[in-house]
Amino acid sequence: MKNAIDLLVDRLDGRMPRVAVVLGSGLGPLADEVEDAVRIPYADLPDFPISRISGHAGEVVAGTIGREPVIMLSGRVHYYEAGDARVMRRPIEVLAGLGVQSLILTNAAGSLHEDMPPGSVMAITDHINFSGFNPMIGEEDDRRFVPMGDAYDAVLLDRMRSSAARSGVKLFEGVYTWFSGPSFETPAEVRMARILGGDAVGMSTVPEVIIARFFGLRVAAASVITNYGAGMPNATISHEQTKEMAPLGGKRLAAILKTMIAGGGFEL
Ligand code: HPA
């Protein structure tokens, strides 16, 4: 049986994407920006974890943006689905195996700042792993001691900034705090995350960043803000709210990423 890499190489038909995007909750429409798109359901790819979260399609979308070949993972599995922080390891390993060198991660998140309202886009400059879980637990290779001092690539972050400016989209910047979920945070946890230096809270992305760095990929990441954190004024928090609000910031993030990807330059 062919493995996922061989299957994707066949379907990519000579395209060699150097950049990949992981689409978070409610951000599937970003994949509509891909031109000449080939869509491959995760179900066709051996070892790909299938997400059962509503709002996650679960397919690989490959094509081009501008002239740049790109591959997107539409739908990702979360730690809280399987109780295993390694769930995204195989998809990211497959991307690295295809020759992808830069990975752009996206998610939906709650804001910890009254002046960063729902609909905002926040570039992630750093993170706090508040879950206590780590996708490298159980890995035996010494590469498991993944340095995290420069996990969020300065060059890609700069390109995200200039792409936002060129797209006319305000780009906030901040620290993403990972809570395991799937329950949302309490007001006390939200206050704590603020005190500890967090700017947004969410249930994903941190394990993917660690896995991507393990495989030597450069990482950029951005959150679409769907709500204020629990206990803040005007906080309305539910999965429905996340799905309903994600497209608002999602459109803004799509504009940024379209410009950023079309600009090319994703080789290491
Ligand atoms: N907390 C955690 N994850 C989230 C939130 C939140 O407030 N909003 C969207 N994803």
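The values are calculated or read from the model by the stated rules, or taken from the named source; none is laboratory data. Note that the coordinates shown come from a computational prediction; the quantities given were computed from them, not determined experimentally. Counting neighbours? That spans all protein chains shown, and the Cβs are built from the backbone with ideal geometry, glycine included. These accessible areas exclude ligands, DNA and RNA; they are computed on the full protein's heavy atoms, side chains included. Shrake-Rupley method; radii C 1.70, N 1.55, O 1.52, S 1.80 Å.
When we screen 231, 265, 216, 174 for residues that are touching a strand residue (DSSP E or B) at 6+ places or on another chain (Cβ under 8 Å) and of a type in the set (Gly, Ala, Ser), the only hit is 174. Scan segment 129-142 residue by residue and report those that are away from the ligand (no atom under 13 Å from the Cβ) and within 23 Å of residue 82 (Cβ to Cβ). Residues satisfying the conditions are 129, 132, 133, 134, 135, 136, 137, 138, 139, 140, 141. Is it fair to say residue 111 is within 16 Å of the ligand (Cβ to nearest atom) and either more than 17 Å from residue 242 (Cα to Cα) or open to solvent by 50 Å² or more (accessible area, probe 1.4 Å) (or both)? Considered against the rule, which asks whether it is within 16 Å of the ligand (Cβ to nearest atom) and either more than 17 Å from residue 242 (Cα to Cα) or open to solvent by 50 Å² or more (accessible area, probe 1.4 Å) (or both), residue 111 comes out as no. Contact map, segment 10-37: first residue closer than 15 Å to residue 262 by Cβ, second residue at pLDDT below 90 and open to solvent by 60 Å² or more (accessible area, probe 1.4 Å), Cβ cut-off under 8 Å, separation 6 or more or different chains; pairs are 18/267. For residue 208, the conditions (1) on the phi < 0 side of the Ramachandran plot; (2) open to solvent by 10 Å² or more (accessible area, probe 1.4 Å) all hold with the exception of (2). For residue 225, the conditions (1) open to solvent by less than 40 Å² (accessible area, probe 1.4 Å); (2) within 13 Å of the ligand (Cβ to nearest atom); (3) at pLDDT below 95 are fulfilled apart from (3). Based on what the data block shows, is residue 76 closer than 27 Å to residue 151 by Cα, open to solvent by 30 Å² or more (accessible area, probe 1.4 Å) and either outside any loop (DSSP other than H, G, I, E, B) or modelled with pLDDT under 90 (or both)? No; evaluated as a whole, the condition is false for this residue.
Of the listed requirements (1) touching a helix residue (DSSP H, G or I) at 6+ places or on another chain (Cβ under 6 Å); (2) touching a residue at least 60 places away in the same chain (Cβ under 8 Å); (3) buried (at least 20 other Cβ atoms within 10 Å of the Cβ), residue 100 misses just one: (1).
Residues are listed down the side, and each one gets a yes or a no for (1) modelled with pLDDT of 95 or more; (2) of a type in the set (Lys, Arg); (3) closer than 12 Å to residue 127 by Cβ:
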| residue | (1), (2), (3) |
| --- | --- |
| 193 | yes, no, yes |
| 200 | yes, no, yes |
| 209 | yes, no, yes |
| 218 | yes, yes, no |
| 238 | no, no, no |
| 244 | no, no, no |
| 247 | no, no, no |
| 264 | no, no, no |
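Apart from one condition, residue 70 fits all of (1) open to solvent by less than 10 Å² (accessible area, probe 1.4 Å); (2) out of contact with any Ser or Thr (no Cβ under 9 Å at 6 or more places or on another chain); the exception is (2). Can you tell me how many residues within segment 148-205 are touching a helix residue (DSSP H, G or I) at 6+ places or on another chain (Cβ under 8 Å) and within 16 Å of the ligand (Cβ to nearest atom)? The total comes to 11.
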